[in-house]
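*Asks:* Here's a structure for you.
FYI, it's all coordinate maths here, none of it is from the lab. Computed from a predicted model, the values in this text were never measured in an experiment. Cβ placement follows ideal geometry from the backbone for every residue including glycine, while neighbour counts extend to all protein chains displayed.
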Amino acid sequence: MLEPAVLSTRDLTVRFGGHVAVNAVTADFHRGTLTAIVGPNGAGKTTYFNVISGQISAYSGSAILNGEDISSLSIAERTHRGLGRAFQLTNLFPNLSVLENVRLVVQSHMHSGFDLFSRADGHQELIDKAEHYLARVNLLDAFEQPVSSLPHGDQRKLEVALLLALGSDVLMFDEPTAGMSVDEVPVVLDLIQEIKADKSRTILLVEHKMDVIHALADRIIVLHNGTLVAEGDPQEVMQQDVVQQAYLGNDPDADVREAS
């Protein structure tokens, strides 16, 4: 029997004026599963992510985390309850070092206080934990650099370290390989695979690259014009006519019309 979903949305709807960006989307996300959210440009994927993570408010419907309706909670409150979104975090303290950024997240997670002006060498346990997360993402050698000086790929890796330091139950990755060089992509994909392998977390992924989706996803949901049109096993779902038309732009009746 499938255990209760860690994260769910129920008839979640977002409107911008007269435009419905997310249309009554109901979906469940379970522990130990990586779900890719796919669809053509303008399908509502990022808006759906934004309303779950609290960056925008829902017009109607709800988001539920570990049985609690979090729809009215702030981003910080959702984070405190175990919802972590990557690629919104590295702007926290761009002028502080890589190590200090991770140390502050560890410190916050451990409820040790959040004192920017305390001496770093007075928090050896926090430093050790921060260095552990930096080592996991191969950034330990860059620990003294200010975040603002990091190359794009290293900033993405740092964001993964921050998510791990938060101890989030649900990890949300919004196009984690966007803007990366060919050499940088495997590092982040391996990190996500490693996180997925321990089966203790729930992972959501917005991604356009089909090779990334096939490499990582246990399940996909397909959005089109804000509506969930298909969900399930990636190989099976991507063969459905409605997905071929919506996501790939393929028209199964085109050959018939051309032949007539």
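*Asks:* Before rounding to the nearest 500, sum -39500 (n - 2.57) across all DSSP H runs of length at least 4 in the chain and divide by the residue total; then give [θ] at 222 nm in deg cm²/dmol. Can you show the working numbers first?
*Replies:* Numbers: 10 runs with 91 residues, N = 260.
Per the formula, -10000 deg cm²/dmol.
*Asks:* When Tyr59, Tyr48, Tyr133 are ordered from fewest to most other Cβ atoms inside 10 Å of their Cβ, what list results?
*Replies:* Values: Tyr59 15, Tyr48 26, Tyr133 23.
The order, fewest Cβ neighbours first, is Tyr59, Tyr133, Tyr48.
*Asks:* Once you place label points 7 Å from the Cα toward the Cβ at Gln235 and Ser200, how far apart are they in nm?
*Replies:* According to this spin-label approximation, the distance is 3.1 nm.
*Asks:* Also, I was wondering about something else. Mind checking the angle between helix 185-197 and the chain's longest principal axis? C-alpha axes, 0 to 90 degrees, to the nearest 10.
*Replies:* Tilt of helix 185-197: around 90 degrees.
*Asks:* Given q = 0.16, 0.18 Å⁻¹, what are the Debye log10 I(q)/I(0) values for segment 1-101, with equal point scatterers placed on the Cα positions and solvent ignored?
*Replies:* -0.76, -0.92
*Asks:* Counting only C-alpha contacts under 8 Å and six or more residues apart, can you give the relative contact order of the chain as a whole percent? Please list the in-between numbers first.
*Replies:* On the way: 458 pairs, mean separation 69.2, N = 260.
27 percent.
*Asks:* What's the exposure ranking of Glu100, Glu184, going from fewest to most Cβ atoms within 10 Å?
*Replies:* Numbers: Glu100 20, Glu184 17.
Sorted ascending by nearby Cβ count, the order is Glu184, Glu100.
*Asks:* Where a Cα-Cα gap under 17 Å defines reach, which lysines qualify for Lys157, not counting those fewer than 8 residues away within the same chain?
*Replies:* Of all the lysines, those that pass the test against Lys157 - Cα under 17 Å, at least 8 places apart if same chain - are Lys129, Lys196.
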